[in-house]
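Structure first, commentary second.
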Amino acid sequence: MSLKIGFVGTGSFTRFHCNLLSKMEDVEVTAFCGTSLDKAEKAASSWNGAKGYDSLATMLDAQALDAVYICVPPMAHGATEFALIERGIPFFVEKPLGLDIELPTEILHRINAQKLITSVGYHFRYMDSTKRAVELLEQRKTGMALGHWMGSMPKVGWWRKQDGSGGQFIEQTSHIIDLMRYLMGDVEEVYAAYANRVMHEVEDGVTVPDVGTVTVKLASGAVATISNTCILPGDGPVGLQIYTDQGLLEITRDSIRELGKSFVIEHKNVNNPYVREHEAFLHAVRTGDGSGILSPYADSVKTQEVAYAATRSAASGAPVRIRN
Ligand SMILES: NC(=O)c1ccc[n+]([C@@H]2O[C@H](COP(=O)([O-])OP(=O)(O)OC[C@H]3O[C@@H](n4cnc5c(N)ncnc54)[C@H](O)[C@@H]3O)[C@@H](O)[C@H]2O)c1
C-alpha cells in the first residue's frame, strides 16, 4: 500500500526531498503546508492530486497522513512537532532541531512518551565513506579530529540572522559535529571562539558570526577542533579528518581517503545518502522497525546540545560542559 506523505515548508529542501520521493515506489506526496496558501498550492501543483494548506491542523484533519516531513528554518520549529506528536504521526525533520536546546529537549520528552518514529536529516551518517570509516575505526585507536565547513553565506534572509538560523555552527556545521559524534562518541566539553569579520560589512542585516573555531573534548579522551566560515565567495572544503594510530582518515561528501605510512587508498561515494535516509525512515513507518534509522531525534538532540554549547561558550568566553 502506498504511503501518504505531507510536507511542512515549501522551500528549496522540500523540493529536493520531493524529487527523490517521486522516484520511490509506493510513496505519494499528497499535502503541503506553507506560510501562505499560495506558496503551498504552488508546491502542491507539481504533484498529481496533492493539495496545499496554510494551516497544519487543517491539513492533518483533511488527510490521513502516514508521515510528515518538516523542512523549515531553525527558528520555525516547535508547534509542528508538538501537533504531530499529539496525533501520533511519525516525522522526518530537517536539521538543525532548533535555535537552542530547551525546545528540542521538550520535543524529545514528548516523542519518548509516545514512542514515535522520528528521523533527522543528518545525512552524512548514510554516506558510503562514513560506513567505511565505521569499519576501519573498529580496528583503530583515535587520537584527534579536525573538522571544517568552509563556504559562502546562503542567500536566504533567515540564515544571516542569529534568531533565524542560530548561526553557521548550529545551522550547517552541526553536520560535522554529528559525523564526529557518530564515529568518535559523545562530547564532554566545548570551548568556542567566534567573530564577525566580513559579512556584516557587505550584506544587510547580518547578525551571525562569520568565522569560528570550536575545541571539543570527547568522553573517550580524544580531542577535536571544528572550524567554520561563511566569508568565502563560493564553496570551500567540508569534511572531517580523523587521526588514528594507523594513519589518517579524510572523510568528505564525496569520498574517504585512508592515508597510511606508505599508502593512500580512496573510496568514492556511490550511493546517494539522502535516498538511504528516506528508505530507512519510510521502512520504519511501514513496518515499525526503526533499526535502519541512523539519526533518530533522541540522538540528534545530543548533536544540538554540542552545537548550542558552542554558541554559549563563544558568548561567555568559558568552556561549557555537556550533560550526556
Ligand atoms: N540536510 C541537508 O543537506 C540540508 C540542505 C539544505 C537545507 N537543509 C535544512 O532544511 C531546512 C529548510 O531549508 P530550505 O533550504 O528549504 O529553506 P528555504 O528558506 O528555502 O525554505 C524554508 C521554507 O519554510 C517555510 N517556513 C518558515 N516558517 C514556517 C512555518 N512556521 N511553517 C511552515 N513553513 C514555514 C518558508 O516559508 C519556506 O518555504 C533548514 O533547516 C536547512 O538547514 C538541510
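List of remarks:
- Ranking His267, Met153, Phe91 by Cα position along the charge dipole of the chain, where only Lys, Arg, Asp and Glu carry charges on their C-beta atoms, puts His267 farthest toward the positive end.
- Spacing of the two label points (7 Å from each Cα toward its C-beta) at Glu28 and Trp158, in nm: 2.9
- Options Ala79, Leu218, Gly121, ranked by Cα towards positive dipole end of the chain, top entry (Cβ charges): Leu218
- Relative packing of 162-172, 272-282, which averages over residues the other C-beta atoms within 10 Å, highest first: 162-172, 272-282
- Seen through its C-alpha gyration tensor, with square-root eigenvalues sorted a ≥ b ≥ c, the chain comes out prolate because a/c lies at 1.5 or above while a/b is bigger than b/c.
- Counting DSSP beta bridges with both ends in the chain, the antiparallel % (nearest 5): 60
- The slack in the chain from Arg197 to Ser2, taken as 0.36 nm per residue of separation less the alpha-carbon distance, amounts to 65.1 nm.
- In terms of distances greater than 27 angstrom between alpha carbons, the cross-link table entries Lys42/Lys155; Lys115/Lys302; Lys95/Lys268; Lys42/Lys95; Lys115/Lys155; Lys141/Lys217 yield Lys115/Lys155.
- Spacing of the two label points (7 Å from each Cα toward its C-beta) at Ser316 and Leu20, in nm: 3.7
- Shape of region 171-324, Cα gyration tensor, a/c cut at 1.5: rounded
- Top of Glu102, Glu189, Glu81 by mean-square fluctuation, Gaussian network on the chain, Cα under 10 Å: Glu102
- The calculated 222 nm mean residue ellipticity attributable to helices in the chain amounts to -10500 deg cm²/dmol, summing -39500 (n - 2.57) over DSSP H runs of n ≥ 4 and dividing by all residues.
- Relative contact order of region 1-147, defined on C-alpha pairs under 8 angstrom at six or more residues apart (%): 19
- In percent, rounded to a whole number, the relative contact order of region 197-275 is 15, using alpha-carbon pairs under 8 Å and six or more apart.
- Computed with a 1.4 Å probe over protein heavy atoms only, the accessible surface of region 4-53 comes to 53 Å² per residue.
- What you get for region 57-171, charging only the Cβ of Lys and Arg (+1) and of Asp and Glu (-1), is a dipole of about 440 debye around the Cα centre.
- Label-point separation, Met75 to Tyr243 (7 Å along Cα→Cβ), nm: 4.0
- For region 51-115: rounded, prolate or oblate by the Cα gyration tensor [a/c cutoff 1.5]: oblate
- Each Cα pair under 8 Å and six or more residues apart adds its separation to the average, and for the chain the resulting relative contact order is 19 percent.
The values are calculated or read from the model by the stated rules, or taken from the named source; none is laboratory data. Predicted model, so just to flag it, every value in this text is computed and none were measured. A quick note on method: Cβ atoms are made from the backbone with ideal geometry, for glycine too, and the neighbour counts reach across all protein chains shown. Each accessible area value is taken on the protein alone, full model and side chains, heavy atoms only, with ligands, DNA and RNA left out. Shrake-Rupley method; radii C 1.70, N 1.55, O 1.52, S 1.80 Å.
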